[in-house]
Each structure stands twice: as C-alpha cells, then as structure tokens.
Ligand SMILES: *Cc1c(COP(=O)(O)O)cnc(C)c1O
C-alpha cells in the first residue's frame, strides 16, 4: 500500500529510535537517567483534578462549543489582559486539544503551498513538519550561540523574500531556555512590521521564567503587531497538565474563526472535563506555579554548574523553561559516527551506551553542536546523570 505524499515527506524522528533504545535498556533492568523528558515531573495540582472530577459528577460530559466553552475563553482573556496587558474578545480565542493542535490548525489556515515561514534554529522539533503538512516551506535560520541563540534583526532581514509570510518565535525556548528581552523584540518588531510578517508567538513557557525576569512577546511591544500576531499558550507546562490536552491561540478573529472551522471538521471540541480543569487552573490559586518554578530554578543552577565543570563543555545559562542545551562538540572528533548519523546523534548514542544517560541530539532541533538535557527530573537524578556524562566524556580523553 502506497501512503499519501503528505505523510511520506515527513521524516521519522531520530529521537524516537533513541528513545526506543533507552526503553529497551530499562526493560533489561539497566538504570538509565532520562534527560529526554519534555514535561514537568510534577503532579497536576489537587484543586485542578477536583474540578475535573466535579465536572464528571455533574454530567458535564457532552459536546461543547467547538472552540471552547465561554467560561474558559473568559478565563484565558482575563489572564492575557492581567498578565500581558493584551485585550481580546472571545471571537479572537480558540481552545484546542493542546498547544500543538492549536498551532497545527493555525498553520493550516494561514499558510499555502510555497509560502515561506521563518523558523529560527534551534527550534522546537514539531515546527518544520507541521509547516510541511500545511505545504508551507520552513526557512531555517541558524542563530548564534554567542547571541544566546536568539534571532537578530540582521539575520531576520537576510532571509526575507517576497514569498516570506510568517515568523515563529518561541521564548522561553525549547530547547535552549533562552529568553528574548523586550529590547530585542522591539528591534525585531521593526523588521516584522516593515515586511508585514505573520508572527506565531509560542509562549508555552511564559510562566517558567527565572531570576525575576518579566515576560514579553511581539504582540506586547507594538499595538500594530498585535493585529498580525497569534499568541499561543496552554496549560500543559505551567500546570503540569500535559496529558489533559488543553491549549489555545489568541489572535485576529478571521483566522481564529477559520482555524475553529477546521477544528469543527476534525476533532470538534477539546475534552469537556479537561476544559473545566483548565478553568480551575487559570482562575485558581497560582502557588503551585511559583513552587515549581523555584524548584526548576534551583535545578537550572545546579545542572549548569555541574556541566561547566566538564572540560570542553560550554553552556548558556537558561533563563526559562526546563531544558539546558550544552555544546559538546569538543568531543565529536573522538567518536566515529555511523553512516548517515548526525554528530550530536552519535554523541547521544555514546552517552546512552556508555553513561546510561538519555539526552536528545541537538541535530533534532537544527543545532548539531549541542545536546538537550531536560531538568524535569529530580535533583538526585541530575547529580547522578551529569557525573555519568562527565565520566563517559573523560574516557574519550580530554
Ligand atoms: C510542549 C510544547 C508545546 C505544546 O504542548 P501541548 O502539550 O500540545 O500544549 C508547544 N511548544 C513548545 C515549544 C513546547 O515545548
């Protein structure tokens, strides 16, 4: 059976193969430290779980409006206004089955075949395939480590063509933890406005910020930009709710209506009871968020310090999210890559076999000099894992 061209163009993820290998080792009883996880290692707070249980008991178990219940849209609108100073109407909000689904819907309605969309690397792994599924062309722009892996106005200008339609920004970033300061966004805003680019602002980590920084996105720096920006967020990361599948997009009503229409013909509404839980998350006590962020900040300091003690390893200090992206390229010449394997993939495989540590190769994010380590794991596992990495790298000769 020949599968559709649409899916044949999407390359399988190399991470999946590595993950399978890690799982296989674990199944054999090998103790693997897993730095690969992309979700908080915390429980969904109790009052959120209770809201979902109450929804079930009260029979809130039927279809809801496709783009989300009014109560949830209002909760989202209030948060966007109170936290970011951005005002929206319910018609400018779409609730989907996770932030990823909201992005997918948006790409489908915003971009056509041949449209170019700029994706700064390192990027979240899902952007290029999701753009390709919309038949758009991802234009990958490599950013520089010395600039904190953040896109500069010059780098942006250099890749804009008459076909450029959009730009994706993700701050704090998965995989680097880098955060765009407001002044840098203001500089980018001029270029974005001059070329009337559609901005997709993936703000999913906006609440996981360290060192007392305040969050900013492009819609906040210029009111004109709000008219061409889609703000993307959800409850997955902030409230440790990855399995509940609630995310949302806020932006110009015409595109939100189109994306909601697409959703009506595919998934229909996101789960009714998860929507009620999301209302509780957004309107209830926020102390769980502060506690989680404080713990992530402690681990960020700890893992950063430990990694810098390894000879030849360099790393930026993440300003947010729960990932660190050390540059391990100093060790590349000491291992032999298999044919077709990326250098970061080769190193990640070596670490899995030699150190029993699972990390994600930077090549997956478009930056082959690095690997991604998630610190959404306990303090003790971080200490164990990094000392195993240090030992394994030392064996290669320093
Ligand atoms: C986790 C994540 C998302 C969306 O996650 P959902 O669970 O689908 O809401 C979006 N962008 C980035 C960069 C992420 O890491």
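The values are calculated or read from the model by the stated rules, or taken from the named source; none is laboratory data. As the structure is a prediction and not an experimental result, all values here were calculated from the model. In this analysis, Cβ positions are derived from the backbone assuming ideal geometry, glycine residues included, and neighbour counts consider all displayed protein chains.
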**OP:** May I ask you to list pairs of residues, at least six apart or on different chains, whose Cβ atoms are under 6 Å apart, with the first in segment 159-174 being more than 19 Å from residue 375 (Cα to Cα) and the second being outside any strand (DSSP E or B) and within 11 Å of the ligand (Cβ to nearest atom)?
**Re:** 168/127
**OP:** Look at residue 140 and say whether it is closer than 21 Å to residue 38 by Cβ and either away from the ligand (no atom under 13 Å from the Cβ) or assigned to a loop (DSSP other than H, G, I, E, B) (or both).
**Re:** yes
Subject >> Candidates 341, 336, filtered to the one that is part of a loop (DSSP other than H, G, I, E, B) and closer than 27 Å to residue 27 by Cβ >> reply: 341
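One line per residue, one yes/no per condition, for (1) under 30 Å from residue 326 (Cα atoms); (2) within 15 Å of the ligand (Cβ to nearest atom); (3) under 20 Å from the mean Cα position of the chain (by Cα):
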position: 40; (1), (2), (3): yes, yes, yes
position: 47; (1), (2), (3): no, no, no
position: 97; (1), (2), (3): no, yes, yes
position: 104; (1), (2), (3): yes, yes, yes
position: 125; (1), (2), (3): yes, yes, yes
position: 132; (1), (2), (3): yes, no, yes
Original post:
Quick one: what pairs do we get from segment 111-122, first residue without any contact (Cβ under 8 Å) to a residue 24 or more places away in the chain, second surrounded by fewer than 20 Cβ atoms within 10 Å (Cβ to Cβ), C-beta under 8 Å, 6+ apart or different chains?
Top reply: 113/135
Original post:
Which of the residues that make up segment 176-208 are in contact with a helix residue (DSSP H, G or I) (Cβ under 7 Å, 6 or more places away or on another chain), within 16 Å of the ligand (Cβ to nearest atom) and over 24 Å from residue 111 (Cβ atoms)?
Top reply: 207, 208
**OP:** Run residue 148 past the list (1) within 16 Å of the ligand (Cβ to nearest atom); (2) on the phi > 0 side of the Ramachandran plot and report the number of the one that doesn't hold.
**Re:** (1)
Subject >> The one condition in (1) at pLDDT 95 or above; (2) surrounded by fewer than 23 Cβ atoms within 10 Å (Cβ to Cβ); (3) over 18 Å from residue 176 (Cβ atoms) that residue 393 fails to fulfil >> reply: (2)
Subject >> residue 251 vs. criteria surrounded by fewer than 24 Cβ atoms within 10 Å (Cβ to Cβ) and away from the ligand (no atom under 14 Å from the Cβ) >> reply: no
Subject >> Positions within segment 55-95 being over 24 Å from the mean Cα position of the chain (by Cα) and assigned to a helix (DSSP H, G or I), in sequence order >> reply: 55, 56, 57, 70, 71, 74, 90, 91
Original post:
Any idea which of (1) away from the ligand (no atom under 16 Å from the Cβ); (2) surrounded by 18 or more Cβ atoms within 10 Å (Cβ to Cβ) is the one residue 93 doesn't satisfy?
Top reply: (1)
Original post:
Which pairs have Cβ atoms under 9 Å, sit 6 or more apart or on different chains, and link a residue in segment 314-327 that is outside any loop (DSSP other than H, G, I, E, B) to one that is surrounded by fewer than 21 Cβ atoms within 10 Å (Cβ to Cβ) and at pLDDT below 95?
Top reply: 323/38
**OP:** Name every residue in segment 244-285 that is touching a residue at least 12 places away in the same chain (Cβ under 8 Å) and out of contact with any helix residue (DSSP H, G or I) (no Cβ under 9 Å at 6 or more places or on another chain), in order of residue number.
**Re:** 264, 268
**OP:** Could you please find all residues in segment 45-65 being free of Cβ contacts under 8 Å to residues at least 12 places away in the same chain and closer than 19 Å to residue 282 by Cα?
**Re:** 46, 53
Subject >> Of residues in segment 229-245 being over 20 Å from residue 172 (Cβ atoms) and surrounded by 20 or more Cβ atoms within 10 Å (Cβ to Cβ), the one nearest to the ligand (Cβ to nearest atom) >> reply: 245
Original post:
For segment 149-166, does any single residue satisfy the condition of being out of contact with any helix residue (DSSP H, G or I) (no Cβ under 8 Å at 6 or more places or on another chain), part of a helix (DSSP H, G or I) and modelled with pLDDT under 95?
Top reply: no
**OP:** Provide a single number: the residues in segment 286-315 that are more than 26 Å from residue 46 (Cα to Cα), in contact with a helix residue (DSSP H, G or I) (Cβ under 7 Å, 6 or more places away or on another chain) and buried (at least 16 other Cβ atoms within 10 Å of the Cβ).
**Re:** 6
Subject >> residue 267 at negative phi, surrounded by fewer than 18 Cβ atoms within 10 Å (Cβ to Cβ), within 16 Å of the ligand (Cβ to nearest atom) and part of a loop (DSSP other than H, G, I, E, B) >> reply: yes
